[in-house]
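**Q** Supplied in structure tokens, the structure appears directly below.
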Amino acid sequence: EKGTFPFYMLKEVSEQPAVMRRLISRYVDQAGAPQFDQAMLEALASADRLYIVAAGTSYHAGLVGQSLFEQLAKVPTEAYLASEFGYHQPLLSAKPMFIFLTQSGETADIRQVLVNVKQAGYPSLTLTNVITSTLAREADYAVELAAGPEIAVASTKAYTAQVAVEALLAKALGMVKQVPAAAAFDVAHQLSLAATGQQALIDQQEQLHLLATDMFGKTRNAFFIGRGTDYFVSLEAALKLKEISYVQAEGFAAGELKHGTIALIEQDTPVVAFITDPVTAARTRSNAEEVEARGAKVLRIASASLAEPGDQVIVDDLDPLLTPLLTIIPGQLLAYFTSLDRGYDVDRPRNLAKSVTVE
Ligand code: M6R
């Protein structure tokens, strides 16, 4: 039931802090250590490479997971689009393990990969919001995202739950492998900071509505830029805007601007810049200035400790690996309000189904 919310999407966006807290109480013990099935952790620990296979928003969460597994568990990890992997399988490592990321657990493109993986005898794990789903049943192991039912076609709370569960798993795996970076990463504390920071952003929704109207009210196109993790959020924020407001939106690596896309910048072209990584903040800022000088209307979403006067949205500080848990909230809400302003059915965008059960 959507209760007092006009659309499920807004309800689901608003539930994200509660989902973060639920994941802490579900998967973290009193001593702050994540708890998962031992056999599953052993299977993950004996893999020499992890392959995360997913589609759409879940793929974008997989890109964030790639850095989490590499940095916290020191295991080479690659995220792949299921629809590509099925037909252009990369050369696999000697001991691969597959992680299928899927809200619904019914995505046909992933199932096709899972069937091949099982045939080859490789171990598999499905991270899903629907633990009774086909992909949960067919993989060797399954972990529940516990985001609660997601009704709106645009995925929101499943994305942040996926990133959070990947962080919990990467920490658990890093502990098994005795990686110092995992020991130093207080995942429960980070997720609890994320919950507080998300709530602060949700509480600013009136201001985000004004920004959405100003930025995207009349436009036919929009750009989202960032580097590293901020680039992955750019992809997801662009997908949200595309699917529910029908604005042609592109997310790309900020450094790629000058390699072509900057030719599209005109007077008032909207560009959203994500700035949460101390290592790349200055460079992304200078990319934002380059487009501004060519007439673009720029909206900066920055972490508190990197914020500068004029930045329109400030998110709390968080470990750079986990900032998508915060920066995607304005991404989701900007898309929501743009769709609302245009009078569309936010929950049921044209041409789309909640789960894509055909290849
Ligand atoms: O259920 P899944 O996570 O496997 O679905 C994958 C995509 O179809 C899904 O994320 C889609 O891109 C959403 N509509 C995005 O909001």
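**Q** If you take the residues of segment 92-131 that are hydroxyl-bearing (Ser, Thr, Tyr) and more than 16 Å from the ligand (Cβ to nearest atom), which of them is surrounded by the most Cβ atoms within 10 Å (Cβ to Cβ)?
**A** Per the criteria, the residue is 122.
**Q** For the subset of segment 272-311 comprising residues that are assigned to a helix (DSSP H, G or I) and of a type in the set (A, V, I, L, M, F, W, C), which member is nearest to residue 326 (Cα to Cα)?
**A** Selected residue: 304.
**Q** Shifting gears a bit: Find the helices (runs of 4 or more DSSP H) located wholly in segment 96-207 whose residues include 3 or more that are in contact with a helix residue (DSSP H, G or I) (Cβ under 7 Å, 6 or more places away or on another chain) and in contact (Cβ under 8 Å) with a residue 12 or more places away in the chain, and list them. Talk me through it step by step, then tell me what you get.
**A** Values: elements: 108-120, 134-138, 157-176, 180-183, 187-202.
It comes to 108-120, 134-138, 157-176, 187-202.
**Q** Kindly evaluate residue 3 against the criterion of being of a type outside the set (Asp, Glu) and modelled with pLDDT under 95.
**A** yes
**Q** Also, quick follow-up: Count, please, the residues in segment 312-332 that happen to be in a loop (DSSP other than H, G, I, E, B) and within 18 Å of residue 159 (Cα to Cα).
**A** Qualifying residue count, segment 312-332: 6.
**Q** While we're here: Among the residues of segment 230-271, which ones are part of a helix (DSSP H, G or I) and in contact (Cβ under 8 Å) with a residue 60 or more places away in the chain?
**A** 230, 232, 233, 235, 236, 237, 239, 240, 241, 243, 244, 245
**Q** Let me ask something else. Hey, residue 5 hits all of (1) among the aromatic types (Phe, Trp, Tyr); (2) more than 16 Å from the ligand (Cβ to nearest atom); (3) in contact (Cβ under 8 Å) with a residue 12 or more places away in the chain; (4) under 19 Å from residue 158 (Cα atoms) but one; which does it fall short on?
**A** (3)
**Q** Within segment 50-83, how many residues are of a type outside the set (A, V, I, L, M) and within 14 Å of the ligand (Cβ to nearest atom)?
**A** Residues in segment 50-83 being of a type outside the set (A, V, I, L, M) and within 14 Å of the ligand (Cβ to nearest atom): 9 in total.
**Q** From the list 194, 183, 170, 237, pick out the single residue that is at pLDDT 95 or above and in contact with a strand residue (DSSP E or B) (Cβ under 8 Å, 6 or more places away or on another chain).
**A** Being at pLDDT 95 or above and in contact with a strand residue (DSSP E or B) (Cβ under 8 Å, 6 or more places away or on another chain) holds for just one of 194, 183, 170, 237, which is 237.
**Q** Among (1) within 16 Å of the ligand (Cβ to nearest atom); (2) touching a residue at least 60 places away in the same chain (Cβ under 8 Å), there is one condition residue 217 misses while meeting the rest; what is its number?
**A** It is condition (1) that residue 217 fails.
**Q** Next up: Can you name the number of the only condition in (1) aromatic (Phe, Trp, Tyr); (2) out of contact with any Phe, Trp or Tyr (no Cβ under 8 Å at 6 or more places or on another chain); (3) within 16 Å of the ligand (Cβ to nearest atom) that residue 337 fails?
**A** All conditions are met except number (3).
**Q** Could I ask something else about it? Yes or no: segment 275-293 includes at least one residue that is open to solvent by less than 10 Å² (accessible area, probe 1.4 Å), over 23 Å from the mean Cα position of the chain (by Cα) and of a type in the set (A, V, I, L, M, F, W, C).
**A** Yes, segment 275-293 contains at least one residue that is open to solvent by less than 10 Å² (accessible area, probe 1.4 Å), over 23 Å from the mean Cα position of the chain (by Cα) and of a type in the set (A, V, I, L, M, F, W, C).
For (1) under 28 Å from residue 183 (Cβ atoms); (2) in contact with a helix residue (DSSP H, G or I) (Cβ under 7 Å, 6 or more places away or on another chain); (3) crowded, with 17+ Cβ neighbours inside 10 Å, each residue gets a yes or a no:
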| residue | (1), (2), (3) |
| --- | --- |
| 44 | yes, yes, yes |
| 57 | no, yes, yes |
| 63 | yes, yes, yes |
| 73 | yes, yes, yes |
| 80 | no, no, yes |
| 85 | no, yes, yes |
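**Q** So, one more: Cβ-Cβ under 8 Å, sequence separation 6+ or interchain: first residue in segment 346-359 and open to solvent by less than 70 Å² (accessible area, probe 1.4 Å), partner among the β-branched types (Val, Ile, Thr) and near the ligand (Cβ under 8 Å from one of its atoms). Which pairs?
**A** Within 8 Å, the pairs are 347/153; 349/153; 353/153; 354/153; 355/107.
**Q** Can you confirm whether segment 178-200 contains a residue that is within 15 Å of the ligand (Cβ to nearest atom) and not acidic (Asp, Glu)?
**A** Scanning segment 178-200, I find no residue that is within 15 Å of the ligand (Cβ to nearest atom) and not acidic (Asp, Glu), so the answer is no.
The values are calculated or read from the model by the stated rules, or taken from the named source; none is laboratory data. Just so it is clear, the structure is predicted and the values come from calculations on it, not from any experiment. So basically every Cβ, Gly included, is an ideal-geometry build from the backbone, and we count neighbours across all protein chains shown. Protein only, heavy atoms only, side chains kept; ligands, DNA and RNA dropped before computing areas. Shrake-Rupley method; radii C 1.70, N 1.55, O 1.52, S 1.80 Å.
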